[in-house]
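Undergrad: First the structure, then my questions, so here it is.
The values are calculated or read from the model by the stated rules, or taken from the named source; none is laboratory data. Everything numeric here is computed off the predicted structure, so don't read it as measured data. Note that we place each Cβ from the backbone using ideal geometry, even for glycine, and neighbour counts take in every protein chain shown.
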């Protein structure tokens, strides 16, 4: 299971999209960006965050630490915004926390420092999980202490929103034309050779064990949490086995590069919860 912490103080809402994640302090003295089980996108977003984040970590890709955060409804009392207060109260119990990265830089501030090997591994990984949210418009990547960090995987694994059509997602091509790393000369063939053999049933089972049972309960289908875990593992292994259908397009997109891509001004794609970017010329220590 993921490490478990208990929230001790609600700091502020983070008005990112419609989910209203919150910045919270916890009993381990850490500060976390908390994503709510009762947010509009539903608990499957939390499942995608855990499965993709922990799979990325197991494959050696850099992601912030994930924890489960137990939130008491009483922590909502001091929040003046009724919408946020209600969301906290409905999310009482176990939620997902992403380690807060103070002083992190937005992706555009350090994109030139991403080598082709890392770019290829991230691109390959995003194609495997069907991540539709890593474009130059919304990179969902940060630089912290000079190291790339992958964040926000809730929009991946789209097949789990309609399991009846999941088979169609197995061989679906991945559109990498607007991927934020496509202009970094991603070495996709090397990434495939390195990562594909590591995505095994054992690895996926270990990753899926970290998802809390109550997030996997599927009353509509009547499946147990373990049966749902098996369904995720089988889907991802089928996607892996169908690389002949999506890997050539990925290699071609990487070779084409980022022609015509608009480079965003510094800070434009920076999550608001990080606050303003450091002044030009200031580096992290």
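Undergrad: On the given criteria, is residue 176 in a helix (DSSP H, G or I), assigned by TED's automatic domain parsing to the domain that holds residue 236, at pLDDT 95 or above and buried (at least 16 other Cβ atoms within 10 Å of the Cβ)? Steps first, answer last, please.
TA: Working: in a helix (DSSP H, G or I): no; assigned by TED's automatic domain parsing to the domain that holds residue 236: yes; at pLDDT 95 or above: yes; buried (at least 16 other Cβ atoms within 10 Å of the Cβ): yes.
When the stated conditions are applied, residue 176 does not pass them.
Undergrad: While we're here: Using the structure shown, decide if residue 232 is surrounded by 14 or more Cβ atoms within 10 Å (Cβ to Cβ), under 20 Å from the mean Cα position of the chain (by Cα) and closer than 19 Å to residue 247 by Cα.
TA: no
Undergrad: Checking residue 188 against (1) modelled with pLDDT of 95 or more; (2) within 22 Å of residue 67 (Cβ to Cβ); (3) crowded, with 20+ Cβ neighbours inside 10 Å, which test does it fail?
TA: The number of the failed condition is (2).
Undergrad: Give 108, 183 a once-over and let me know the one that is surrounded by fewer than 21 Cβ atoms within 10 Å (Cβ to Cβ) and in contact (Cβ under 8 Å) with a residue 60 or more places away in the chain.
TA: Step by step, each of 108, 183 is checked, and only 183 is surrounded by fewer than 21 Cβ atoms within 10 Å (Cβ to Cβ) and in contact (Cβ under 8 Å) with a residue 60 or more places away in the chain.
Undergrad: Let me ask something else about it. Can you tell me which of 78, 60, 40 is loosely packed, with under 14 Cβ neighbours inside 10 Å, over 21 Å from the mean Cα position of the chain (by Cα) and in contact (Cβ under 8 Å) with a residue 12 or more places away in the chain?
TA: 78
Undergrad: Tell me which residues, restricted to region 140-151, are out of contact with any strand residue (DSSP E or B) (no Cβ under 8 Å at 6 or more places or on another chain) and surrounded by 20 or more Cβ atoms within 10 Å (Cβ to Cβ).
TA: none
Undergrad: Only one of (1) over 21 Å from residue 43 (Cα atoms); (2) under 16 Å from the mean Cα position of the chain (by Cα) fails for residue 102. Which number is that?
TA: That leaves (2) as the condition not met.
Undergrad: Go through region 84-139 and give me each residue that's within 30 Å of residue 247 (Cα to Cα), touching a strand residue (DSSP E or B) at 6+ places or on another chain (Cβ under 7 Å) and assigned to a loop (DSSP other than H, G, I, E, B).
TA: 110, 114, 134
Undergrad: Just to be sure I understand, how many residues within region 191-205 are surrounded by 14 or more Cβ atoms within 10 Å (Cβ to Cβ) and farther than 17 Å from residue 239 by Cβ?
TA: So the answer is 1.
Undergrad: Can I ask one more? Here is a check on your reading of the model: is residue 249 surrounded by 15 or more Cβ atoms within 10 Å (Cβ to Cβ) and either free of Cβ contacts under 8 Å to residues at least 12 places away in the same chain or out of contact with any helix residue (DSSP H, G or I) (no Cβ under 7 Å at 6 or more places or on another chain) (or both)?
TA: Yes, satisfied.
Undergrad: When you go through 156, 221, 164 one by one, which is the residue that is at pLDDT below 95 and either surrounded by 19 or more Cβ atoms within 10 Å (Cβ to Cβ) or not in a helix (DSSP H, G or I) (or both)? Even if it seems obvious, please write down each step before you answer.
TA: Working: 156 fails: at pLDDT below 95; 164 fails: either surrounded by 19 or more Cβ atoms within 10 Å (Cβ to Cβ) or not in a helix (DSSP H, G or I) (or both).
Unique residue meeting the criteria: 221.
Undergrad: Let me ask something else. Within region 14-30, how many residues turn out to be touching a residue at least 24 places away in the same chain (Cβ under 8 Å) and surrounded by 16 or more Cβ atoms within 10 Å (Cβ to Cβ)?
TA: Total meeting the criteria: 9.
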